[in-house]
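K.L.:
A single structure is presented below for examination.
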Amino acid sequence: MRDKTPTVTTAASRARQPGRSPDSREPARSPRVANQPADPVTHPPDVRVALDAFRRIVQALRAGRDGDDQGGLGSAQLFALQQIAEHPGASINSVAELTCTHQSSVSVVIQRLVEQKLVGKVASSTDRRQRRLVVTAAGRRLLSRAPLAAQGHLIAAIAALPAAERRVFAKSLGAVAQLMAPGGATLHPPMFFEDHPDGEHRPRAGKGGRRALER
């Protein structure tokens, strides 16, 4: 009589069966060919739209920084100088508010303008202990041939947004900044292109052999 004991199929026996993998009932898959390109990563269309907007803004800011005739000033110094000229007698805190920058950051920029004798500090007419900022004759001559700072246009563009959109914009942009620099972000960021905390000037060649301070 023939033995009718059922055959027990084990994992080892399945592994020996041609065309089968040890742990699957499906036919074994061929391994990925070496150097085969991976599937491209796709992003939502609005990511591209946002990045293009960032690129246009940065391009405009760089164009302002690299202006042909800024008298050797970086864009941050030029912006602060223009604000002081438009608001003679302003304090450092006032300039910080006008430039939407923290006082500690704008004071570094103003000190450089003072060192270059483009801005002077005078005693307040109401309180001799307070110092006010005024543009010197050299500063006025420089401003007469300098372009408008791009930061002013950026501030005006953001301020022109409807209040609800501006709040959403500020919150969303802050979230992006936090994700990009969660632990290394500066508490009070410097003004645009004024990113050398050691205070060193970095000259670069300008038009006509002039040296400009890159900020």
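K.L.:
Which condition number in (1) among the hydrophobic types (A, V, I, L, M, F, W, C); (2) part of a helix (DSSP H, G or I); (3) without any contact (Cβ under 8 Å) to a residue 12 or more places away in the chain is the one that LEU187 fails?
P.N.:
Only one criterion in (1) among the hydrophobic types (A, V, I, L, M, F, W, C); (2) part of a helix (DSSP H, G or I); (3) without any contact (Cβ under 8 Å) to a residue 12 or more places away in the chain is unmet by LEU187, namely (2).
K.L.:
I would also like to ask the following. Within region 22-134, which helices (runs of 4 or more DSSP H) (wholly inside it) include 3 or more residues that are at pLDDT below 85 and closer than 30 Å to ALA146 by Cβ?
P.N.:
Per the criteria, 45-65.
K.L.:
Here is a follow-up. What are the residues in region 145-161 that are over 18 Å from ALA80 (Cα atoms) and outside any helix (DSSP H, G or I), if any?
P.N.:
Once the filter is applied, which keeps residues that are over 18 Å from ALA80 (Cα atoms) and outside any helix (DSSP H, G or I), region 145-161 yields ALA160, LEU161.
K.L.:
Run down LEU161, LEU118, LEU142, LEU133 and say which single residue is closer than 24 Å to ALA90 by Cβ, aliphatic (A, V, I, L, M), surrounded by 13 or more Cβ atoms within 10 Å (Cβ to Cβ) and out of contact with any Ser or Thr (no Cβ under 8 Å at 6 or more places or on another chain).
P.N.:
The unique qualifying residue is LEU142.
The values are calculated or read from the model by the stated rules, or taken from the named source; none is laboratory data. Source: prediction; values computed, not measured. All Cβ positions, even for glycine, are placed from backbone atoms using ideal geometry, and neighbour counts span all protein chains on display.
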